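S.K.: Sharing a structure, written as structure tokens. Questions coming.
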Amino acid sequence: MSKPLAFVLGTICLLASTSFGEDLDEDSPGFGYYGNPDNVGPPPHEWGANPLWRTCAVGREQSPIDIESKNTTLVINDIFGLDTSYVPANGAFYINQANILEVKLNGGGQLKIQQKTYYLKQFHFHSPSEHTIDGVRFPLELHLVHKSENGELAVIGIPFSYGEENAFLATFWDELPLLTDSHTSVNLMNVDLREPNLDMGPAYARYKGSLTTPPCTEQVTWTVILGQGNTVSERQMWTYSKRLQYSNARPVQKLNDREVKRSVRLLKLR
Ligand SMILES: *[C@@H]1O[C@H](CO)[C@@H](O)[C@H](O)[C@H]1NC(C)=O
Ligand SMILES: [Zn+2]
């Protein structure tokens, strides 16, 4: 389990462009969060004032949300609901201008939801978690961002609870102190998201939401992993907070008339 699955090239290079959160648009101007003196833009309640980001204020299907388990609809036999086939991939590890720790992947495999294929593009971290489950907030949430060939987005949100050291994070977390400013990146090799590195849970919640960062685009298929299968150690959170001291979690948004489905994850037959 402690075998290093990501090999670090040790190359530090300047990224020519910036990118933010879930947003794959490289030209987005800056935005910020609450209480961060390094903010390069407005905090969440002001995002919608930017004409390009109106959806952040007026959208009715925004993310994140609180997942209230007693108000979810149980879907049984959802065999094709969450089918990930990831492969180890290389990526660039960096902190973007919104103070979000991100790994932009070169390949990485795919996610199938029903018959639709989405390709893994990048993953990034929010602390504390953006989604809450029955009002409970977690120290860390991983977002795996996938895009289909015609541009539809599907994001998997994985909350981490405090506990054992996380094997997946351990493969590259020691490089975090090397990221000395928002434009510095470390190249990672063989980033491996497959189980048992990451636990895709005994169950998951599914709902229609949005990017949790400007422009808050809707029609994002969200999957939030339920259960306590992914833990992060206090030491790992300490390493994180040495480098990223401020919250980068958007507050939870109104559910409005959306339905949140809950499914049990079935083992894949190969
Ligand atoms: C419960 O879910 C329904 C949709 O399934 C939604 O309309 C309603 O607002 C939810 N209730 C609460 C208290 O969130
Ligand atoms: Zn995110």
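S.K.: I'd like the full set of residues that are within 16 Å of ligand 1 (Cβ to nearest atom) and either over 30 Å from Gly32 (Cβ atoms) or crowded, with 19+ Cβ neighbours inside 10 Å (or both), limited to segment 67-94.
M.R.: Selection gives Ile67, Ser69, Lys70, Asn71, Thr72, Thr73, Leu74, Val75.
S.K.: What residue, among those in segment 49-90 that are among the polar types (S, T, N, Q) and within 16 Å of ligand 2 (Cβ to nearest atom), is nearest to Leu198 (Cα to Cα)?
M.R.: Per the criteria, the residue is Ser63.
S.K.: Checking Val186 against (1) under 26 Å from Thr72 (Cα atoms); (2) surrounded by 18 or more Cβ atoms within 10 Å (Cβ to Cβ), only one condition comes out false. Which one?
M.R.: All conditions pass for Val186, except number (1).
S.K.: Could you please let me know if Phe138 is touching a residue at least 40 places away in the same chain (Cβ under 8 Å) and not acidic (Asp, Glu)?
M.R.: Here the answer is no, as Phe138 does not meet what is asked.
S.K.: Further, regarding this structure: When the residues of segment 138-183 are narrowed to those that are more than 20 Å from Pro196 (Cα to Cα) and in contact with a helix residue (DSSP H, G or I) (Cβ under 7 Å, 6 or more places away or on another chain), which ends up farthest from ligand 2 (Cβ to nearest atom)?
M.R.: Pro177
S.K.: Anything in segment 75-91 that is assigned to a strand (DSSP E or B), at pLDDT 95 or above and not polar (S, T, N, Q)? List them, or say none.
M.R.: Tyr86, Ala89, Gly91
S.K.: Pick out the one residue from Gln97, Gln122, Gln110 that is surrounded by 14 or more Cβ atoms within 10 Å (Cβ to Cβ) and part of a loop (DSSP other than H, G, I, E, B).
M.R.: On inspection, the qualifying residue turns out to be Gln97.
S.K.: Also, quick follow-up: Could you identify the single residue in Leu193, Leu142, Leu120 that is modelled with pLDDT of 95 or more, touching a Phe, Trp or Tyr at 6+ places or on another chain (Cβ under 7 Å) and under 20 Å from Arg262 (Cα atoms)?
M.R.: Leu142
S.K.: Separate question: Check segment 210-219 and report whether any residue there is of a type outside the set (S, T, N, Q), under 24 Å from Gly109 (Cα atoms) and either out of contact with any Phe, Trp or Tyr (no Cβ under 6 Å at 6 or more places or on another chain) or within 16 Å of ligand 2 (Cβ to nearest atom) (or both).
M.R.: yes
The values are calculated or read from the model by the stated rules, or taken from the named source; none is laboratory data. The structure presented is a predicted model; accordingly, all values stated were derived computationally and were not measured. As a convention, Cβ positions derive from the backbone with ideal geometry for all residues, glycine included, and neighbour counts pool all protein chains shown.
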